[in-house]
Amino acid sequence: MSEDSGWQRLHPLSPVVRAGRGTIAIFVILVPTLLGGRGLGSSLPQLAVVGVIAVLGFVQWLVTRWRIEGDDLRIETGVLRRQSLRFPLSQVQAIDIVRPGLARMFRVAELRLRMGGSTASTARLAYLNEKEAEPLRAHLLALAHAGEHAVPPTEELAEEVLTTVPTRRLVASILISDVGIVAELVIAGLIVAAVLTPSAVVGLASGGAAWLFAVATALWRRFNQEYRLTVARAEDGLRLRSGLVALSAETIRPGRVQAVRMVEPLLWRRLGWCRLEVDLAGRQRRRGESGSTGRQLRALLPVGSRALAADLLEHLVPDAPQPTRRAPRRAVVKSPLRWRFLAWERSDRAVVTCTGRVRRVTVWVPLEKVQSFRRVEGPLQRRLRLATVHLDVAGRALHATLRDRDRAEGDEALADLVARARELRRAG
Amino acid sequence: MSGEPDWQRPSPRLLTMRRLEVTSATAVLAVVGFVVLAFTQIVAAVIVAAGIVLAGVASLVFVTRRVRAWGYAEREDDLFVRRGVMFSRMSVIPYGRMQFIDVTAGPVERLFGLATVRMHTAAAASDARIPGLAADEAARVRDRLAELGEAQAAGL
């Protein structure tokens, strides 16, 4: 456990773990050369490169230090371009502990503090001793809650496990998800082609190899990330733990949820399954970032029954309504595929909207988190006397959209929601 | 909404500026198109130039309607901004949600003594800007909004 003053260093093995695959590659290249008996002389250039990298990594470790200063976490790093980073703990949205495969081997863990507010960024302490990480996280969370004078908790907070996702169900759900089905059809097609005309397969397979590889990676990543995902409730928030090779643990602080999304793909609906995802305030998506990484949300429930999802939702968005007010019949002209699912509802503290063409997507937004409201009316909508109302929140990917409502209903809803959100802001 | 809000308009100079922009762009395009084609086919050149001028006149009409559609209203707790003719949009931004407000003025805007005020919230999707305010009016709006934002600031 750290003192409140005094600089701390990261774990000495950090550079090794951080280099990750590079380290493994170096071993794979070096070991055969050394064992090959050709002596050190012939592999001198390789050794020199490795030496330089090792020294750089060591220096990087040497100049990096961190400490807790009152309400802030300070990290100093850099040799040529010295950086001093200050992270106000009061703006912490969530703290994650991440352990990639290599880190688990060396018993170290990375601590990630996701910040909100105008300084939205991520503070990383990579890597810390595994035993230190957990108490430090509890300490930081306590500081984030109570400010400077918090007493670090002496014992682990009691937690109540809400749910764990069974592995078999996770595998089944990935196999019949949208991406999974497409991949299986392609593979089945390839096998059929191989039986009928073996000569054509080589060309087909090599052409689609890159695509297949990408899909396989995506599916594997999802499996790896969501393997045995456990949700537990503790005093400092909801705790998520998951992972097969790389373990991750994170805490979602109460009242920090910007939006919750429930996704029900076509085949899942038959089985009554759904997926629950949470959006927190954090770094906005940058322009250069690819859609998949930036838009990825944290799954709270990779797969589960609707009842279980409703149960978890209760912990995230208090007083969550169900979408019951459907869009008017004439909206079918503007949104022929979506019309079937379009609906919304509000309660005193939250709004729910439902949409989707093949997948049904339901989004909950707490009214007190709404940053701005927008009403949009396009040319076709004007013809049909329809309007769309958007509720923007500070999350990364989600916002609630009351799509294609009757114009009068839209105006009324806008006025009503604006007024209600104002009351909640004042009260909060 | 309790009664129709008191809509404020951008400066009339914005309309002049936008019209001038469209006119000069049309003129340049028409002249270039005419000159390039005139060496080979004089008839085609005339048709192209006439087409460009016609398109310019049409966009002049659109630009006029677009500029007239802009409006903003300062209310007790939030700011209304409306815009758009084809896609008419209205944004409601609570003062307490504004994170920062910036005033920008491009070279052409400066020539006309105009500025654009832009409001930012924590949500990337909420886009609210008021173009074509007279420079002193823009500064006044910025200061006023900042003051109101300070008074009503709410956490994330």
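Structure summary
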{"read-out": "Where GluC sites (Glu not before Pro) in DSSP loops with at most 14 other Cβ within 10 Å are excluded, longest remaining stretch of chain A", "value": "A:4-147"}
{"read-out": "Listed residues B:Pro94, B:Pro107, B:Pro131, most fluctuating in chain B (Gaussian network, C-alpha, under 10 Å)", "value": "B:Pro107"}
{"read-out": "Relative contact order computed over region B:1-85 (Cα-Cα under 8 Å; 6+ residues apart), in percent", "value": "35 percent"}
{"read-out": "Relative contact order, percent, chain A [alpha-carbon distance under 8 Å, six or more residues apart]", "value": "11 percent"}
{"read-out": "Net charge of neighbours whose Cβ lies under 12 Å from the Cβ of A:Val352, counting Lys and Arg as +1 and Asp and Glu as -1", "value": "+2"}
{"read-out": "Kirkwood Rh and Cα Rg combined as Rg over Rh, evaluated for region A:293-388", "value": "1.00"}
{"read-out": "Hz values of 3J(HN,Hα) by residue in region A:415-420 - Karplus curve (6.51, -1.76, 1.60), Gly and Pro given as x", "value": "4, 5, 5, 4, 5, 5"}
{"read-out": "Formal net charge of residues neighbouring A:Ala126 (Cβ-Cβ distance under 10 Å; K, R +1; D, E -1)", "value": "+2"}
{"read-out": "GNM top mover of A:Ala133, A:Ala307, A:Ala320 - chain A, alpha-carbon springs below 10 Å", "value": "A:Ala307"}
{"read-out": "Share of Cα-Cα pairs in the protein assembly as shown lying beyond 49 Å, as whole percent", "value": "27 percent"}
{"read-out": "Chain A - charge dipole about Cα centre, Lys and Arg +1 at Cβ, Asp and Glu -1, debye rounded to 20", "value": "1780 debye"}
{"read-out": "Computed FRET value (nearest 0.05) for A:Ala234 with A:Arg169, which takes r as the C-beta separation and R₀ as 22 Å", "value": "0.30"}
{"read-out": "Debye, to nearest 20: dipole size of chain B, +1 on Lys, Arg Cβ, -1 on Asp, Glu Cβ", "value": "580 debye"}
{"read-out": "Net charge over other residues, Cβ less than 13 angstrom from the Cβ of A:Ile174 (K, R count +1; D, E count -1)", "value": "+2"}
{"read-out": "Cα→Cβ-extended label distance, 7 Å offset, between B:Val46 and B:Ala153, nm", "value": "6.8 nm"}
{"read-out": "Of all accessible heavy-atom area on the protein assembly as shown, the percent that carbon and sulfur account for (1.4 Å)", "value": "60 percent"}
{"read-out": "Choice from A:Val17, A:Val161, A:Val257 showing the highest fluctuation, given a GNM over chain A with Cα pairs closer than 10 Å", "value": "A:Val161"}
{"read-out": "For region A:191-281, Kirkwood radius (reciprocal of mean inverse C-alpha pair distance, Å)", "value": "16.8 Å"}
{"read-out": "Furthest towards positive pole of dipole, A:Val370, A:Ala188, A:Val352, structure part chain A, Cβ charges", "value": "A:Ala188"}
{"read-out": "Chain pair B, A: total accessible area buried, heavy atoms, 1.4 Å probe, Å²", "value": "2300 Å²"}
{"read-out": "For region A:57-66, Karplus couplings with θ = phi - 60° (6.51, -1.76, 1.60), whole Hz, Gly/Pro x", "value": "x, 5, 4, 4, 5, 5, 8, 9, 8, 9"}
{"read-out": "Cα-based helix-to-principal-axis angle, A:198-226 vs chain A, degrees rounded to 10", "value": "90 degrees"}
{"read-out": "Rounded tilt (10° steps) of A:21-35 against the dominant C-alpha axis of chain A", "value": "30 degrees"}
{"read-out": "Separation in nanometres of the label points that stand 7 Å from Cα toward Cβ, at A:Arg81 and A:Val161", "value": "4.6 nm"}
{"read-out": "3J(HN,Hα) from dihedral phi, region A:323-333, Karplus parametrisation 6.51/-1.76/1.60, rounded to Hz, x for glycine, proline", "value": "x, 10, 7, 8, 6, x, 3, 5, 5, 4, 5"}
{"read-out": "Accessible solvent surface per residue of the protein assembly as shown, calculated while the other protein chains remain in place, 1.4 angstrom probe, Å²", "value": "51 Å²"}
{"read-out": "Relative contact order computed over chain B (Cα-Cα under 8 Å; 6+ residues apart), in percent", "value": "22 percent"}
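The values are calculated or read from the model by the stated rules, or taken from the named source; none is laboratory data. Nothing here was measured: the structure is a model prediction, and the numbers come from that model. So basically every Cβ, Gly included, is an ideal-geometry build from the backbone, and we count neighbours across all protein chains shown. Remember, those area values only see protein heavy atoms, side chains included, never the ligands or the DNA or RNA. Shrake-Rupley method; radii C 1.70, N 1.55, O 1.52, S 1.80 Å.
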